[in-house]
Amino acid sequence: MSEDFGKLLDQQMENIRSEFRYGEKIDGIVLSITTNSILVDIKAKSEGIISRTELNDKDGELPFKVGDAISAFYDDTINGEVILTTKIASGDADYSDLIQAMTNNVSVDGRVMGKNSAGFNIDIGGIRAFCPISQISNYPSDNPDEFVGKSMNFMVLECDDGNVVVSHRKVVDQSMEQEKEELKTGLSEGDVISGVVRKIMDFGAFVSIGGIDGLIPISELAWDRVKKTEDVVKEGETVKVKVIAIDWSKDRITLSLKQADGNPWDKVELNFMLGTKYQGFVTRLMDFGAFVQLQPGIEGLIHISKLGAGKRLNHADEVLEPGQEIDVYIDNIDKDRRRLSLLLENVQTGRTMEVGGKEITVGEECTGKIESIKQYGIFIKLNASQTGLLHVSQIKFDDQANQMRDMHKRFPIGEDIAVKVKEIHAGKISLGMPGNDDEKVDYSKMEKDNDSGSFGSLGGAFDNLKL
C-alpha cells in the first residue's frame with residue numbers, strides 16, 4: 001500500500017513545475033486577495049504573486065475575485081516566491097527585457113512622448129523606441145496627435161543595436177482575435193447587440209462589435225429610404241443592431257439598425273385601426289394606384305379605382321404627386337401579406353348596414369352602455385344585439401401614463417356614453433367619440449403608448465368575445 005502511495009506522490013510531483021522562462025504566459029486560479037497582492041494557484045511548488053496595483057482600476061476595484069481564472073507572465077523568483085506580472089517593462093527596463101518580451105511575444109508598457117512625420121517616439125522604462133504611424137492603431141486616425149502623452153501597451157517588433165521598433169496595433173489585433181473567437185461561440189443570427197460606428201461609407205456603416213467589424217448596409221439603416229449614411233449614424237456613436245447574417249469563413253457579419261427594435265409590421269394591427277383617419281405622404285405613383293407612407297416601414301396602397309371620385313384614371317399622377325401630404329382612412333389590414341388598403345375618405349359613411357339582425361348607419365351618433373374595459377379600449381353595448389369597440393386611439397387621456405386607471409375612473413362600467421359609429425367590418429363595429437372626426441391620429445404618440453401594450457386592433461379585440 002505504501003509503495004502505491006509513493007508512486008502516486010511521485011506522479012503528482014512530476015506535474016508540479018519549478019522552473020519558468022521570463023515572459024512566459026501562465027494561467028492560474030485566484031486563491032486569495034490581500035491589501036497588497038493577489039495569490040494565484042499556478043500548479044507549481046509555490047503560488048504565484050501579482051502586485052494588486054497592477055490590476056486595480058481607477059476606483060481601486062479589482063476585476064477578479066477568489067476562484068476566478070487569471071492569466072499573467074512570469075517575471076522572477078525571489079526567495080522561493082514566483083513573481084508574476086500582467087505587464088512587462090513597467091518600470092526601468094534594459095534591452096534584455098525587451099529582447100525577452102519580443103522572443104516570448106509579450107506586451108510592454110510605454111508612453112508616447114512625441115510625433116513626427118513617420119511615427120511616434122515611445123519611452124519604455126527609460127529606453128527610447130519608435131512606433132510607425134501605421135502601427136499606433138488598427139484604425140486610421142484623423143488626428144494622430146491624440147496619442148501623444150498616452151500610456152499604451154506595445155509589442156516589440158525589433159530590438160537590435162539600440163534600435164527598438166514597437167507596435168500598439170499588434171496588441172489590439174491580438175485582443176480582437178481573442179474577442180472574435182469568443183464571438184464565434186456566442187453570437188447567433190437574430191441577436192440584438194451594441195456596437196460602435198467605426199467607419200461611414202456610401203454603401204453603409206461599419207460597426208465594431210468586439211473583435212470584428214460588422215456592416216450595416218444602407219438599406220438596413222432605417223425603414224425610410226436613406227440617401228446618405230451620415231444622415232442616420234455618426235462615427236463613434238454607440239448603436240443597437242440586429243445580427244442578420246454571419247459568414248465566419250469570410251469574417252463577414254451583416255447587421256441591421258432598423259430591425260433592432262423589431263419590424264413595424266409586427267405591430268400594424270395594434271397601431272392602426274380600420275376606419276380611422278391618418279396622415280401620410282405619397283411615396284410612389286403607379287398606373288394601378290398610389291403608395292402612401294403612414295410611418296417609416298409602413299406603406300399602404302390607394303387603388304386607382306378609389307382615386308378618381310368616379311372618374312376613370314389612367315395613372316395616379318393625374319390626381320396626386322410624390323411627397324404630397326394627404327389624409328387617408330384604413331380600409332383593410334393584411335398583416336400576413338404586409339398590405340394596407342387605403343381610402344381618401346371613409347366610403348362607409350352614410351351607409352346603413354345590418355349587424356346582429358339590426359340596421360346601423362355608419363356616421364350616426366348613438367348612446368350605449370359601458371360593458372367592459374380592456375387595455376386596447378372600451379366595449380360598449382349599443383343594444384341587445386350590437387356591441388362596439390371604442391379603441392384607445394379614440395380617447396383623449398387625462399393620465400396618459402396610466403391609461404387603464406384613467407379609463408376606469410372616467411368611464412364607470414354600466415354608465416351611458418355617447419359615441420359615433422366609425423366603421424363596420426365583418427360584422428364588428430368600430431366606435432369613435434362625437435366631434436373627433438376631423439382630428440388626425442398622432443401616430444408618434446400612439447407608437448410610444450404602444451410600448452406598454454396598450455393598443456389592440458378591432459379584429460383582435462373582438463376575438464373570442466361573445467356578442
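So that you can scan it fast, the table gives a plain yes or no per residue for (1) among the β-branched types (V, I, T); (2) at pLDDT 90 or above; (3) in the same structural domain as E269 (by TED's automatic domain parsing):
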residue: I370; (1), (2), (3): yes, yes, no
residue: L382; (1), (2), (3): no, yes, no
residue: T387; (1), (2), (3): yes, yes, no
residue: H408; (1), (2), (3): no, yes, no
residue: N436; (1), (2), (3): no, no, no
residue: D442; (1), (2), (3): no, no, no
residue: G453; (1), (2), (3): no, no, no
(request) Output the residues belonging to the stretch 10-41 that are of a type in the set (V, I, T), over 16 Å from D76 (Cβ atoms) and at pLDDT below 85. (result) I16, T35
(request) For residues that are more than 12 Å from Q394 (Cβ to Cβ) and of a type in the set (D, E), scanning just the stretch 405-429, find the one that is nearest to the chain's Cα centre (by Cα). (result) D406
(message) The conditions are (1) in contact with a strand residue (DSSP E or B) (Cβ under 7 Å, 6 or more places away or on another chain); (2) outside any strand (DSSP E or B); (3) touching a residue at least 60 places away in the same chain (Cβ under 8 Å), and G236 fails exactly one of them. Which is it?
(response) (3)
(message) Restricting to the stretch 154-189, count the residues that are surrounded by fewer than 17 Cβ atoms within 10 Å (Cβ to Cβ) and either in contact with a Pro (Cβ under 8 Å, 6 or more places away or on another chain) or not in a helix (DSSP H, G or I) (or both).
(response) 8
(request) Show the residue pairs that are 6+ apart or on different chains and have beta-carbon atoms under 8 Å apart, the first residue being within the stretch 381-400 and touching a residue at least 60 places away in the same chain (Cβ under 8 Å) and among the β-branched types (V, I, T), the second being surrounded by 12 or more Cβ atoms within 10 Å (Cβ to Cβ) and part of a strand (DSSP E or B). (result) T387/E371; T387/F379; T387/I380; T387/K381; T387/I429; V392/G377
(request) Please determine, by comparing only the residues of the stretch 260-314 that are among the polar types (S, T, N, Q) and over 23 Å from I424 (Cβ atoms), which one is surrounded by the most Cβ atoms within 10 Å (Cβ to Cβ). (result) Q295
(request) Considering only residues that are out of contact with any helix residue (DSSP H, G or I) (no Cβ under 8 Å at 6 or more places or on another chain) and on the phi > 0 side of the Ramachandran plot, look in the stretch 158-204 and name the one that is modelled with the highest pLDDT. (result) G190
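The values are calculated or read from the model by the stated rules, or taken from the named source; none is laboratory data. Not measured: the values here are computed from a predicted model. Heads up, the Cβs are rebuilt from the backbone with ideal geometry, glycines too, and the neighbour counts pull from every protein chain shown.
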